[in-house]
Amino acid sequence: MALVNEDVRSYLSGEVSTKQLLDAQAHVWNHIFAFIKSMSLKSAVELGIPDIIHKHGKPMTLPELIDALPFDKQKSQCVHRLMRILIHSQFFVKEREGYWLTPASHLLLTDAPLSVAPLALLINDQILTKPWHYMSEWLLNENHSSPWETAHGRTFWEQAEHEPRMSNLFNEAMSRDARLITRLLLKDCKHVFDGINSLVDVGGATGTTAKAIAEAFPHMKCTVLDLPYVVAGFEGTDKLGYVGGDMFETIPPADVVLLKWILHDWNDENCVKILKNCKEAIPKGGKVMIIDMIILEGGGGECDDKAMENQLFFDMAMMTYVDGKERSEKEWAKLFLEAGFTTYNITHAFGARSLIEVYH
């Protein structure tokens, strides 16, 4: 005889309505199959569907899209099904004339300066999806620092150094994100650079952010600090330099140290080490500029539901990939105090992320 669970027993006794039961089932199903939205999006990017429709210059019919895709035409009826879920996810719209782009799919265009297509490919790559299968095992049994290490036998950063494809995807994704954040930073928060003559971008990779700042402020000397293998081959100018080094050892001196999406990669102990090195690098009157997430405990405030969900997703990603986390303002303040700082200012300017200025 089949066992009857408590929800069904409650329903049969009249305590739970049919609607409540079916709503609960739908909620669970939506989360069980949520990965399908991500994988469908990855397929669209790999097939170049946003680019194909954009280059067409007007809404594209299903037959036109099928003809433009280089695949087995016997599978053509599957294109309609793929586009149907992407329309439901608001990446495309279906007009009378055919499929057209939405603001979200404009961010998936390969050549768009602010494209997030590299991030979509990176996060949904098999290398990055594998550790999620080890989360419960890591929580229960493993002594590794993250599920990533449990899955791959080495840290995220060690993997990136030994996997050129992963490293290239990661750097490209971070570079595109840097363009978006820098555009907003220079548009809405340009005043934070007043009186600044030198800046070091810690973990600045290819220098996308530092280049934009140097161009916006010709008097400013900008330096990119990253691991030697990351900056190898980059040539600097009189306004932009590259330094191969380790932020846990020393940071080049400057009026401002910029940490964009760096500290969330690390645990509290390592963050304090980095911040102490930042403090040694800046003069009296200098500051550390942090662009990172501030989780609003209990929700609400300046963070809408989508941004809040982004923060929770990234917090779980930091737990899974690296030994890091997203932090509340209280947690940030604790780090600053332990590193020897006493004053900070927060500007909520970048959706799920904020600008934190920490003063010497």
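The values are calculated or read from the model by the stated rules, or taken from the named source; none is laboratory data. Given the structure is predicted, the values throughout are model-derived calculations rather than measurements. Every residue, glycine among them, receives a Cβ derived from its backbone with ideal geometry; neighbour counts consider all protein chains shown.
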Next item on the list: Determine which single condition SER76 fails, assuming it passes every other condition in (1) surrounded by 14 or more Cβ atoms within 10 Å (Cβ to Cβ); (2) under 30 Å from SER175 (Cα atoms).
Entry: (2)
Notebook entry, point to check: Taking the condition in a loop (DSSP other than H, G, I, E, B) and either of a type in the set (S, T, N, Q) or more than 25 Å from LYS190 (Cβ to Cβ) (or both), does LYS325 pass?
Noted result: yes
Margin query: Looking at segment 158-173, I want the residues that are of a type in the set (Ser, Thr, Tyr) and have a partner that is at pLDDT 90 or above and in a helix (DSSP H, G or I) with Cβ atoms under 6 Å, at least 6 apart or on another chain. Which pairs are those?
Written below: SER167/ALA160
Note to self: Can you go through LYS211, LYS273, LYS284 and tell me which one is surrounded by fewer than 17 Cβ atoms within 10 Å (Cβ to Cβ) and closer than 19 Å to PHE193 by Cβ?
What the structure shows: LYS284
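Out of segment 116-141, which residues are among the polar types (S, T, N, Q), within 27 Å of ILE181 (Cβ to Cβ) and either modelled with pLDDT under 95 or part of a helix (DSSP H, G or I) (or both)?
Within segment 116-141, the subset among the polar types (S, T, N, Q) is 124, 126, 129, 136, 141.
Subset that is within 27 Å of ILE181 (Cβ to Cβ): 124, 129.
Within segment 116-141, THR129 is the sole residue that qualifies.
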Margin query: Cβ contacts < 7 Å: first residue free of Cβ contacts under 8 Å to residues at least 24 places away in the same chain and under 20 Å from ARG81 (Cβ atoms), restricted to segment 93-121; second residue polar (S, T, N, Q) and surrounded by 14 or more Cβ atoms within 10 Å (Cβ to Cβ), any location; separation 6+ or different chain. Result?
Written below: VAL93/THR102
Checklist line | Single unsatisfied condition, PHE217 versus (1) modelled with pLDDT of 95 or more; (2) under 23 Å from LEU275 (Cα atoms) | finding: (2)
Notebook entry, point to check: From the set of residues in segment 41-87 that are at pLDDT 95 or above and of a type in the set (Lys, Arg), which is nearest to THR102 (Cα to Cα)?
Noted result: LYS58
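Taking segment 247-270 only, how many residues are outside any loop (DSSP other than H, G, I, E, B) and touching a helix residue (DSSP H, G or I) at 6+ places or on another chain (Cβ under 9 Å)? Break it down stepwise before answering.
At the first step, the residues of segment 247-270 found to be outside any loop (DSSP other than H, G, I, E, B) are 256-260, 263-265, 268-270.
Filter once more, keeping what is touching a helix residue (DSSP H, G or I) at 6+ places or on another chain (Cβ under 9 Å): 256-260, 263-265, 268, 270.
Qualifying residue count, segment 247-270: 10.
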Check: Which of (1) part of a helix (DSSP H, G or I); (2) more than 13 Å from the chain's Cα centre (by Cα) does MET316 not meet, given it meets every other one?
Finding: (2)
Next item on the list: State which residue is surrounded by the fewest Cβ atoms within 10 Å (Cβ to Cβ) when the search covers only segment 182-204 and only residues that are in contact (Cβ under 8 Å) with a residue 40 or more places away in the chain and within 21 Å of GLU172 (Cβ to Cβ).
Entry: ARG183
Next item on the list: Please work out which residue is surrounded by the most Cβ atoms within 10 Å (Cβ to Cβ), limiting yourself to segment 220-239 and to residues that are of a type outside the set (Ser, Thr, Tyr) and at pLDDT 95 or above.
Entry: VAL224
Note to self: Can you tell me how many residues within segment 28-68 are crowded, with 17+ Cβ neighbours inside 10 Å and not in a helix (DSSP H, G or I)?
What the structure shows: 3
Notebook entry, point to check: HIS144 passes all but one of (1) touching a residue at least 24 places away in the same chain (Cβ under 8 Å); (2) over 27 Å from ASN30 (Cα atoms); (3) of a type outside the set (Lys, Arg); (4) part of a loop (DSSP other than H, G, I, E, B); which number fails?
Noted result: (1)
Notebook entry, point to check: Which number in (1) free of Cβ contacts under 8 Å to residues at least 40 places away in the same chain; (2) assigned to a strand (DSSP E or B) marks the one condition that ASN277 misses?
Noted result: (2)
Next item on the list: Give just the number: which of (1) under 18 Å from ALA349 (Cβ atoms); (2) in contact with a strand residue (DSSP E or B) (Cβ under 6 Å, 6 or more places away or on another chain); (3) in contact (Cβ under 8 Å) with a residue 40 or more places away in the chain; (4) not charged (D, E, K, R) does PRO252 not satisfy?
Entry: (1)
